[in-house]
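Everything on this sheet refers to the single structure shown next.
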């Protein structure tokens with residue numbers, strides 16, 4: 001799974017790497033993209049107020065996520081999920097959905 005760590009986890013909650021570690025413990029092959037710390041462009045209302053820049057950030061993020069070789073993209077933020085899902089070639093799901101599907 002290619003994992004997009006949202007800004008809320010990394011910067012807001014200051015909990016980088018915790019979700020990824022949990023998923024690895026559950027047996028997932030977590031692939032983190034280059035420049036994982038960068039925003040996907042969703043950022044609350046940012047996608048509405050700055051659509052052009054938001055779209056470019058999404059394109060950059062998807063290119064990096066898809067280049068990891070993962071078969072899916074996981075994230076921990078519904079805003080990021082919906083934003084990435086609009087243009088992603090791979091399925092994008094909340095990480096809890098993958099836990100439920102593959103671990104329960």
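Could you check region 7-21 and list, in sequence order, the residues that are over 11 Å from residue 74 (Cβ atoms) and either touching a residue at least 24 places away in the same chain (Cβ under 8 Å) or touching a strand residue (DSSP E or B) at 6+ places or on another chain (Cβ under 6 Å) (or both)?
7, 8, 9, 10
Being without any contact (Cβ under 8 Å) to a residue 60 or more places away in the chain and under 12 Å from the mean Cα position of the chain (by Cα) is the filter here, so list the residues in region 64-77 that pass it.
Across region 64-77, the qualifying residue is only 64.
In region 62-82, which residues are assigned to a helix (DSSP H, G or I), buried (at least 22 other Cβ atoms within 10 Å of the Cβ) and at pLDDT 95 or above?
62, 65, 81
Name the residues in region 10-32 that are touching a helix residue (DSSP H, G or I) at 6+ places or on another chain (Cβ under 8 Å) and closer than 21 Å to residue 88 by Cα, would you?
Passing the criteria: 28, 30, 32.
Is it fair to say residue 47 is buried (at least 18 other Cβ atoms within 10 Å of the Cβ), free of Cβ contacts under 8 Å to residues at least 60 places away in the same chain, closer than 15 Å to residue 8 by Cβ and in contact with a helix residue (DSSP H, G or I) (Cβ under 6 Å, 6 or more places away or on another chain)?
For residue 47, the condition - buried (at least 18 other Cβ atoms within 10 Å of the Cβ), free of Cβ contacts under 8 Å to residues at least 60 places away in the same chain, closer than 15 Å to residue 8 by Cβ and in contact with a helix residue (DSSP H, G or I) (Cβ under 6 Å, 6 or more places away or on another chain) - is met.
For residue 88, work out the one condition from (1) in contact (Cβ under 8 Å) with a residue 40 or more places away in the chain; (2) in a loop (DSSP other than H, G, I, E, B); (3) under 13 Å from the mean Cα position of the chain (by Cα) it doesn't fulfil.
Residue 88 satisfies all of (1) in contact (Cβ under 8 Å) with a residue 40 or more places away in the chain; (2) in a loop (DSSP other than H, G, I, E, B); (3) under 13 Å from the mean Cα position of the chain (by Cα) except (1).
Pick out the one residue from 42, 54 that is over 13 Å from residue 1 (Cβ atoms), surrounded by 13 or more Cβ atoms within 10 Å (Cβ to Cβ) and over 14 Å from the mean Cα position of the chain (by Cα).
After applying the criteria, what remains is 54.
The values are calculated or read from the model by the stated rules, or taken from the named source; none is laboratory data. These numbers were taken from a predicted model, which means no experiment stands behind them. We place every Cβ from the backbone using ideal geometry, glycine too, and count neighbours over all the protein chains shown.
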